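The values are calculated or read from the model by the stated rules, or taken from the named source; none is laboratory data. Just so we're clear, the structure is a prediction, and the values are computed from it rather than from any experiment. No Cβ is skipped: glycine too gets one built from the backbone with ideal geometry, and neighbour counts run over all protein chains shown. Protein only, heavy atoms only, side chains kept; ligands, DNA and RNA dropped before computing areas. Shrake-Rupley method; radii C 1.70, N 1.55, O 1.52, S 1.80 Å.
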Amino acid sequence: MSTLIATFVEQFGHTPDGLWSAPGRVNLIGEHTDYNDGLALPIALPQRTVAACSRRVDDVLRVHSVAAGETVSVDLDEVGPGRPVGWASYVAGVLWAMRADGLPVGGLDVVLDSDVPLGAGLSSSAALECSVAAAAADLYGLGLLADDEGRARLAAAADRAENEIALAPTGGMDQLASLLCRPGHALLLDFHSGQRAHVPFDLAGHGLALLVIDTRARHALVDGQYAQRRTSCEQAAAALGVGSLRASDLAAVECLKDATLRRRARHVITEIQRVLDTVSALEAEDFERVGELFLASHASLRDDYEVSCQELDLAVETACASGALGARMTGGGFGGSAIALVPADRVEAVSAAVRQAFAVAGLAAPHPFAAVASSGAARS
Ligand code: ADP
Ligand code: MG
């Protein structure tokens, strides 16, 4: 942390007004459902992006990222789709979106550091956006961190930043998770009603742990495939005569003529039900059932939605073969991370088994780590 302040002084010649941080997230279940008015159930990770920030008297953003090794300066009036280019668009986009929402926000000096793995499907992008959104909210006296309503308004700005300025299509789950999650809880998100609930998620109390496995696989064409899946869902909804797949049901979906659309829609409908079933199983403290639902989710994402890959399948299969109660790919797919629900005393054994399976398959070494449900964005 002191290194971050030293870097800030080095960059800008004065000390920051404060430090704000926001977590990456991992979704327990409910994948590719956010843009279908469905349900998701993320937790915040212990890994966070920290933003050292100070308020400026003008409308200029100066931002330095330790990871990028670069400083970018931009006038907020110049921010627009794809401007500035690259990583700074996520940061500038947040201030742009807050201003577009009528919030009285001006310039900032920002230095960013992060221990969220970048591009691993653990939402370093939302952690980046939300750390800056939290800083801007505090430094401009907006009071939006005080409750979930205010935090959701910041999440909406961060979501717009990523979609409209960074031009990376995203469904809104990541930013809500990074801002609203609480320690020891998963966040149940309903993208139709906008309702949210904090669901107790205390694995340690039950002798269990959540193992996150960053497969280190980053396959190309991810963005194109994501856009294609979204389009398929829109086409399926149109063929079913509903506004979104949330409003349909399995019987109707099974009658779709187009086999691809049928499979895509089947994943969405069954996945939404699995989120509800997971919440019930958590309430009943039935973790065997949670494990089964993870596996069913993975099979659906692999076979019906077709967004898995060799590395994700291997991580899931190996985790289950070495003692996990269940496992699934998490995030958009085509690489990124998997999660496994494991007995606490099997964390090392499952991690070792996954590492070995990847070595045997000739794949790059994966990065498994145990994660507890952590807190949302806050001033540090
Ligand atoms: P994920 O959110 O799963 O990590 P994304 O592709 O959505 O993957 O976001 C990764 C991108 O976000 C990076 O390529 C970079 O542009 C930006 N980013 C995230 N964290 C940082 C950071 N600390 N510094 C600079 N850019 C970052
Ligand atoms: Mg992201």
At 0.890 mPa s and 25 °C, Stokes D of the chain from Kirkwood alpha-carbon radius, µm² per second: 117 µm²/s
With all protein chains modelled, accessible area of R182 [1.4 Å, Å²]: 110 Å²
Electrostatic dipole magnitude of the chain [Cβ: Lys, Arg +1; Asp, Glu -1; Cα centre; debye, to 20]: 300 debye
For the stretch 345-367 and the stretch 133-169, distance of Cα centres in Å: 38 Å
Heavy-atom accessible area per residue - the stretch 204-371, 1.4 Å, Å²: 42 Å²
Efficiency of FRET from Cβ geometry, Q225 and H367, R₀ 22 Å, rounded to 0.05: 0.40
Residue-span extension gain [D147 to D75] - 0.36 nm each, minus C-alpha spacing: 22.9 nm
Dipole axis of the chain (+1 Lys, Arg; -1 Asp, Glu on Cβ), positive-most option in G171, L240, G376: L240
List W20, W87, ordered by accessible area with a 1.4 Å probe, largest first: W87, W20
C-alpha center-to-center spacing [the stretch 309-323, the stretch 238-264] in angstrom: 30 Å
Choice from R289, R25, R274 with maximal GNM fluctuation in the chain (Cα, 10 Å cutoff): R289
Estimated inter-spin distance, R379 and L118, nm [label 7 Å along Cα→Cβ]: 2.9 nm
Backbone N under 20 Å from the E317 label point (7 Å along Cα→Cβ), restricted to the stretch 347-367: 350-367
Size of electric dipole in the stretch 204-371: Cβ of Lys, Arg +1 and of Asp, Glu -1, about Cα centre, debye, nearest 20: 500 debye
Within the stretch 152-172, backbone nitrogen closer than 16 Å to the virtual label 7 Å beyond the Cα of D101 toward Cβ: 152-166, 171-172
Highest average packing first - 100-111, 158-169, Cβ atoms within 10 Å: 158-169, 100-111
Amide H contacts of R56 (H built 1.01 Å from N, under 5 Å, at least 5 apart or other chain): G107, L108, D109
Cβ charges +1 (Lys, Arg) and -1 (Asp, Glu), total dipole of the stretch 1-125, debye: 180 debye
The chain, helix-only ellipticity at 222 nm - DSSP H runs n ≥ 4, -39,500 (n - 2.57), divided by all residues, nearest 500: -13000 deg cm²/dmol
Top positive-direction residue, dipole computed over the chain with Cβ charges, set G362, H219, S65: G362
Given charges at Cβ of Lys, Arg, Asp, Glu: the chain dipole, positive-most of Q273, L187, A158: Q273
Global form of the stretch 204-371, assessed from the alpha-carbon gyration tensor, a/c cut-off 1.5: oblate
